[in-house]
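A short write-up of the structure that comes next.
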Amino acid sequence: MHTLKKGIITEKAMLINNVYVFEVNPKATKQEIATAIEAAYGVTVGPAGVRTAVVKGKVKSVGRKRIQKQKPLKKKAYVTLIKGDIADLKVK
């Protein structure tokens, strides 16, 4: 199972100091997310650790008959690193 999908780089995500936001597998646990980030980026997850949020998918109208389709849910992980560690999201 691939735990990390991608890093989320937005203005809102970058406002929080030393916290990085990732889109992760919806079935991943906080411990799996922390170990995957430490292995992929070579950083240390801080004592605040990993916070997660599940974002429900939106309902969209599709086609000429305006059929309702549900987008899949997403899970975000807010990871706090130890002071001084920096994860380069663009490279990995």
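Each value in this text was obtained by applying a stated rule to the coordinates, not by laboratory testing. Note that this is a predicted model, so its numbers are computed, not measured. Don't worry about glycine lacking a Cβ; one is built from the backbone with ideal geometry, like all the others, and counts go over all protein chains shown.
Could you give the length gained on full extension between residue 56 and residue 88, defined as 0.36 nm per residue of separation minus the Cα-Cα distance, in nm?
8.7 nm
At 222 nm, what helix-only mean residue ellipticity would the chain give, in deg cm²/dmol to the nearest 500, using -39500 (n - 2.57) for each DSSP H run of four or more?
So the helix-based figure for the chain works out to -5000 deg cm²/dmol.
Relative to a virtual label point 7 Å from the Cα of residue 40 in the Cα→beta-carbon direction, which members of the stretch 69-88 show backbone nitrogen distances below 19 Å?
73-82, 85-88
Would you mind checking the tilt of helix 30-41 against the longest principal axis of the Cα atoms of the chain, expressed as 0 to 90 degrees and rounded to 10?
For helix 30-41, the angle is close to 70 degrees.
In the chain, what is the volume of the convex hull around the alpha carbon atoms, normalised per residue and reported in Å³?
Normalising the Cα hull of the chain by residue number yields 119 Å³.
Within straight cross-link reach of residue 56, meaning Cα distance under 19 Å, which aspartates and glutamates are found once same-chain residues fewer than 8 apart are removed?
Straight-line reach from residue 56, under 19 Å: 23.
Mean separation of Cα pairs under 8 Å and 6+ residues apart, divided by the residue count of the chain: what relative contact order is that in percent?
33 percent
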